[in-house]
Amino acid sequence: MKKIKSRFAPSPSGRMHLGNVYSALLSWLSARSQGGEWILRIEDLDPQRCKREYAVQLEDDLRWLGLDWDAGGIEDARYVQSQRYDIYQTYLDKLTALGLTYPCYCSRADIMATQAPHESDGRIVYQGTCRPDGTPERAAWLAHRAASCPHAPAIRLQVPDRDICYTDLHYGAQRVNLAEACGDFILRRADGAWAYQLAVVVDDALMGVTEVVRGRDLLLSVPQQLWLYQLLDLQAPVFAHIPLLCNEQGQRLCKRDQSLHMGVLRDRYTPQQLLGLIAYYAGLIDRTTPLSAQELIPLFDWAHIPTHDIQVPASLSDLPHSTM
Ligand SMILES: [Zn+2]
């Protein structure tokens with residue numbers, strides 16, 4: 001059997017918080033419990049938000065936690081997305097050669113005007129406004145739009161009305177219609193930035209990633225990614241999504257929750273206490289016991305991780321630590 005290779009792919013746009021540590025831990029445990037490798041990819045596609053110093057700090061936090069990586073990190077340009085633009089261009093060119101891409105001149109306001117956000121999660125499905133249909137009328141209209149567009153166009157991938165079926169290792173069988181749920185999606189944004197979907201597929205494939213463990217908020221990006229794998233003739237990994245960590249209001253933990261970022265957590269806990277706490281919330285142990293990352297490897301079991309989102313107390317003082 002092929003050796004498992006998993007990855008952690010954070011965006012260095014701030015200090016790691018509890019939710020990031022939880023994702024990193026589960027992905028690391030899944031890889032290590034199968035004797036696999038774990039790589040660290042820096043997803044710094046957004047130059048406005050991402051900073052090198054955050055990536056350096058993130059690596060320091062991972063070391064403090066005892067989550068070691070076999071390849072990657074900020075010092076290795078092969079694993080840093082901002083150093084890989086030429087590669088993404090090559091793959092965009094392949095899709096263009098297949099006749100499947102087109103320029104989109106729409107502003108965000110244009111797109112909002114044509115479609116109400118999805119009720120469930122606020123996503124906007126693009127209605128194909130700029131998609132060519134082979135008629136001279138539309139070609140003329142698009143040429144007019146191109147001439148009057150004040151910025152470079154975004155590049156979109158045309159998707160068919162087709163169901164994508166796959167099995168998530170944790171959430172089971174999924175069936176999603178590409179046209180209905182995703183629509184023609186962006187490969188390169190109008191500001192020239194590479195879109196997440198293309199970069200992540202190209203990177204996971206070229207880096208030999210066999211297993212992707214990440215938050216279930218990304219479950220709906222799988223159909224788009226699988227479609228790209230198919231078009232580009234690349235080997236897709238196994239996907240294993242994990243429940244999200246939420247506050248008491250049911251909102252996903254995010255960087256705004258200052259009390260749960262690594263600066264505060266490192267002052268408050270030892271690595272073993274923090275990992276024990278996360279393992280407890282993830283269902284791997286039945287009480288909060290301090291344990292090292294290495295000690296958690298034999299305790300990792302997908303069957304114990306819930307599929308519903310996991311609520312954690314917003315205030316650290318409320319976190320259970322009686323057994324620590
Ligand atoms: Zn458009």
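Is the range 133-151 home to any residue that is among the aliphatic types (A, V, I, L, M), outside the structural domain of D301 (by TED's automatic domain parsing), under 30 Å from S6 (Cα atoms) and within 16 Å of the ligand (Cβ to nearest atom)? No, every residue in the range 133-151 fails to be among the aliphatic types (A, V, I, L, M), outside the structural domain of D301 (by TED's automatic domain parsing), under 30 Å from S6 (Cα atoms) and within 16 Å of the ligand (Cβ to nearest atom).
Yes/no per residue for (1) among the hydrophobic types (A, V, I, L, M, F, W, C); (2) surrounded by fewer than 16 Cβ atoms within 10 Å (Cβ to Cβ); (3) over 22 Å from the mean Cα position of the chain (by Cα); (4) within 15 Å of the ligand (Cβ to nearest atom):
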| site | (1), (2), (3), (4) |
| --- | --- |
| R63 | no, yes, no, no |
| D70 | no, yes, no, no |
| Q81 | no, no, no, no |
| P103 | no, no, yes, yes |
| C106 | yes, no, yes, yes |
| M112 | yes, yes, yes, yes |
| Y126 | no, no, no, yes |
| R156 | no, no, no, yes |
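In summary, R252 fulfils each of the numbered conditions (1) assigned by TED's automatic domain parsing to the domain that holds A31; (2) in contact with a Gly (Cβ under 6 Å, 6 or more places away or on another chain) with the single exception of condition (2).
For the range 158-184, residues that are surrounded by 15 or more Cβ atoms within 10 Å (Cβ to Cβ) and outside any loop (DSSP other than H, G, I, E, B) total 10. For the range 20-38, a tally of residues being within 15 Å of the chain's Cα centre (by Cα) and either surrounded by fewer than 22 Cβ atoms within 10 Å (Cβ to Cβ) or of a type in the set (F, W, Y) (or both) returns 2. Among the residues of the range 79-95, those identified as touching a residue at least 12 places away in the same chain (Cβ under 8 Å) and either closer than 25 Å to R145 by Cα or assigned to a helix (DSSP H, G or I) (or both) are Y79, Q81, S82, Y85, I87, Y88, Y91, L92, K94, L95. The one condition from (1) more than 12 Å from the ligand (Cβ to nearest atom); (2) at pLDDT below 95; (3) over 30 Å from L26 (Cβ atoms) that V176 does not meet is (3). Exactly one residue out of D191, D184, D217 is charged (D, E, K, R) and either touching a Ser or Thr at 6+ places or on another chain (Cβ under 7 Å) or modelled with pLDDT of 95 or more (or both), and it is D184.
The values are calculated or read from the model by the stated rules, or taken from the named source; none is laboratory data. Since the model is a prediction, treat every value here as computed from it, not as a measurement. With ideal geometry, Cβ positions are generated from the backbone for all residues, glycine too; neighbour counts draw on all protein chains shown.
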